[in-house]
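S.K.: Provided herewith is a single structure, encoded as structure tokens, for subsequent inquiry.
The values are calculated or read from the model by the stated rules, or taken from the named source; none is laboratory data. From a predicted model like this one, the values you see are computed outputs, not experimental measurements. Every residue, glycine among them, receives a Cβ derived from its backbone with ideal geometry; neighbour counts consider all protein chains shown.
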Amino acid sequence: MYIGLFSIILLMVISFMLMTQESTSNTKSIESLYDTSQFITQHINYTFENASSVDEINSSFDIDSGKLTLLVDTLTKVYEIQNQQLYYDGVPISQPHITVERFYLTPIYKETDITAVRINILLRDKKNTNRTEEINLLSTFR
């Protein structure tokens, strides 16, 4: 009887530990997506604060793997997707366990000049592909 009672208690403890581990894993996955989206958002906002204009010729708009070339001071800075990662001037700014599935750019014009860019980014967790985070920004030049 004691062995049976001990076995039941042990099974309950193991079940609780497994549920806690799964919950922790899910929370870390959600947190990682959120942190990545916040970092990318802040990075883009900071770059737009320092940028003077868009290099329209070297940018790609209205496609899921867009390319954004900005003029910052006298230098060009490029955001683009390579191997499902978002890169800024050749340096990945998204985490390796998160894929960037969409970097869709829509230019906003005032007469013939681009005054803002609407940016839509879709992030997906590689382990749990059902978990996604979408970023929608309207970035303007200051």
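S.K.: Within segment 80-113, which residues are closer than 21 Å to Glu56 by Cβ and of a type in the set (A, V, I, L, M, F, W, C)?
M.R.: Across segment 80-113, the qualifying residues are Ile81, Leu86, Phe103, Leu105, Ile108.
S.K.: Can you confirm whether segment 100-107 contains a residue that is at pLDDT below 95 and surrounded by 13 or more Cβ atoms within 10 Å (Cβ to Cβ)? Spell out the reasoning first.
M.R.: Here is the first cut: in segment 100-107, the residues at pLDDT below 95 are none.
No, segment 100-107 contains no residue that is at pLDDT below 95 and surrounded by 13 or more Cβ atoms within 10 Å (Cβ to Cβ).
S.K.: Can you confirm whether segment 41-48 contains a residue that is farther than 26 Å from Arg131 by Cβ, surrounded by 13 or more Cβ atoms within 10 Å (Cβ to Cβ) and either touching a residue at least 40 places away in the same chain (Cβ under 8 Å) or small (Gly, Ala, Ser) (or both)?
M.R.: First pass over segment 41-48, keeping only residues farther than 26 Å from Arg131 by Cβ: 46-48.
Those still in the list that are surrounded by 13 or more Cβ atoms within 10 Å (Cβ to Cβ) too: 47-48.
Filter once more, so that each one left must be either touching a residue at least 40 places away in the same chain (Cβ under 8 Å) or small (Gly, Ala, Ser) (or both): 47-48.
Yes - at least one qualifying residue is present in segment 41-48.
S.K.: Additional query: Looking at Ile63, Ile57, which one is surrounded by fewer than 13 Cβ atoms within 10 Å (Cβ to Cβ), farther than 16 Å from Phe39 by Cα and free of Cβ contacts under 8 Å to residues at least 40 places away in the same chain?
M.R.: Every option except Ile57 fails the conditions.
S.K.: Further, regarding this structure: Just checking, which of Thr41, Thr115 is among the hydroxyl-bearing types (Ser, Thr, Tyr) and closer than 30 Å to Glu22 by Cα?
M.R.: Result: Thr41 is the single residue among Thr41, Thr115 that is among the hydroxyl-bearing types (Ser, Thr, Tyr) and closer than 30 Å to Glu22 by Cα.
S.K.: Condition first: surrounded by 14 or more Cβ atoms within 10 Å (Cβ to Cβ) and touching a helix residue (DSSP H, G or I) at 6+ places or on another chain (Cβ under 8 Å). Now tell me which residues in segment 118-138 satisfy that.
M.R.: Ile119, Ile121, Leu123, Asp125, Arg131, Thr132, Glu133, Ile135, Leu137
S.K.: Answer yes or no as to whether Tyr79 is surrounded by 10 or more Cβ atoms within 10 Å (Cβ to Cβ) and part of a strand (DSSP E or B).
M.R.: Here the answer is yes, as Tyr79 does meet what is asked.
S.K.: Now a separate question. Collect the residues in segment 103-128 that are touching a strand residue (DSSP E or B) at 6+ places or on another chain (Cβ under 9 Å) and in a loop (DSSP other than H, G, I, E, B), keeping them in residue-number order.
M.R.: Lys126
S.K.: When you go through Leu10, Leu5, Leu33 one by one, which is the residue that is in a helix (DSSP H, G or I), without any contact (Cβ under 8 Å) to a residue 60 or more places away in the chain, surrounded by 10 or more Cβ atoms within 10 Å (Cβ to Cβ) and not β-branched (Val, Ile, Thr)?
M.R.: Details: Leu5 fails: surrounded by 10 or more Cβ atoms within 10 Å (Cβ to Cβ); Leu33 fails: without any contact (Cβ under 8 Å) to a residue 60 or more places away in the chain.
Just one listed residue meets the conditions, Leu10.
S.K.: Here are the criteria: (1) modelled with pLDDT under 95; (2) of a type outside the set (D, E, K, R); (3) part of a loop (DSSP other than H, G, I, E, B). Tell me which single one Ser52 does not satisfy.
M.R.: The single condition Ser52 does not satisfy is (3).
S.K.: Moving to a separate point now. Given the criteria in a helix (DSSP H, G or I) and at pLDDT 95 or above, does Thr69 qualify?
M.R.: no
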